[in-house]
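*Asks:* The following block contains the structure, expressed as structure tokens.
The values are calculated or read from the model by the stated rules, or taken from the named source; none is laboratory data. These numbers come from a predicted model, not from an experiment. Quick reminder, even Gly has a Cβ in these numbers, built from the backbone with ideal geometry, and neighbours come from all protein chains shown.
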Amino acid sequence: MYLVLVMMAILLFSSISKGIGSPQIWVIEMAQFTMAAYYLLGGGYSMQMDAHVRMDVFYGTWSAKRQAITDALTVLCLITYLVMLFYGGVSSSLYALEYGQKNYSSWAPPLAPIKLIMTGGILLMLLQVLATFAQNVADVLGKPFDVEQHPEETSV
């Protein structure tokens, strides 16, 4: 969450430097890199906190088992997407490291650090999605992992 503050500081610096007549060439790209890191590192956390956006037109009226089945099916699609994204991220990161890839701009920063951060964020989200899938399958089978969410399932 602190990356948003870092990005705001970078953009504030950009505004001030333009105002005093010495604009910096690196600020916009650095803000973009910071925002990409923020989004990708926050994806797994938002899945863990169940804070992602869900269309609740029909979902809210379904039984807990039907919700878990639907979640498991949609998470399978997300797992497929994230595996492909991770594969591309690893390939792109290795290329950037091997050839010293730089961005095509006047600042020309090396791209390996941000690509490694992005690939790490994708991996963290993939791990969280796998855990969410396991939890959904356990809910479908009637053996939930989280007792706090399902206190009626506990036996004394």
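*Asks:* With the structure loaded, tell me whether S63 is without any contact (Cβ under 8 Å) to a residue 40 or more places away in the chain, of a type in the set (G, A, S) and farther than 22 Å from L127 by Cα or whether it fails that test.
*Replies:* Answer is yes for this residue.
*Asks:* In the set V53, V27, V57, which member is of a type in the set (A, V, I, L, M), within 30 Å of G89 (Cα to Cα), free of Cβ contacts under 8 Å to residues at least 60 places away in the same chain and surrounded by fewer than 16 Cβ atoms within 10 Å (Cβ to Cβ)? Talk me through it step by step, then tell me what you get.
*Replies:* Numbers: V27 fails: surrounded by fewer than 16 Cβ atoms within 10 Å (Cβ to Cβ); V57 fails: within 30 Å of G89 (Cα to Cα).
On inspection, the qualifying residue turns out to be V53.
*Asks:* Looking only at residues that are of a type in the set (V, I, T) and more than 27 Å from K102 (Cβ to Cβ) in the stretch 23-78, which one is modelled with the lowest pLDDT?
*Replies:* V53
*Asks:* Moving to a separate point now. Among I122, I69, I79, I117, which is the only one that is surrounded by 12 or more Cβ atoms within 10 Å (Cβ to Cβ), over 25 Å from F33 (Cβ atoms) and in contact (Cβ under 8 Å) with a residue 60 or more places away in the chain? Talk me through it step by step, then tell me what you get.
*Replies:* On the way: I122 fails: over 25 Å from F33 (Cβ atoms); I79 fails: in contact (Cβ under 8 Å) with a residue 60 or more places away in the chain; I117 fails: over 25 Å from F33 (Cβ atoms).
When all the criteria are applied, what remains is I69.
*Asks:* Also: Please count how many residues of the stretch 1-24 are under 15 Å from the mean Cα position of the chain (by Cα) and either in contact (Cβ under 8 Å) with a residue 60 or more places away in the chain or outside any helix (DSSP H, G or I) (or both).
*Replies:* 1
*Asks:* Can you tell me which residues in the stretch 43-74 are within 27 Å of V4 (Cβ to Cβ), part of a helix (DSSP H, G or I) and not aromatic (F, W, Y)?
*Replies:* G43, G44, S46, M47, Q48
*Asks:* Something else: If only one of L85, L40 is within 19 Å of the chain's Cα centre (by Cα), assigned to a helix (DSSP H, G or I), under 21 Å from L3 (Cα atoms) and not acidic (D, E), which one is it?
*Replies:* Criteria check complete, one pass: L40.
*Asks:* Looking at (1) surrounded by fewer than 16 Cβ atoms within 10 Å (Cβ to Cβ); (2) among the polar types (S, T, N, Q); (3) modelled with pLDDT under 95, which is the only condition Q135 fails?
*Replies:* Result: Q135 passes all but (1).
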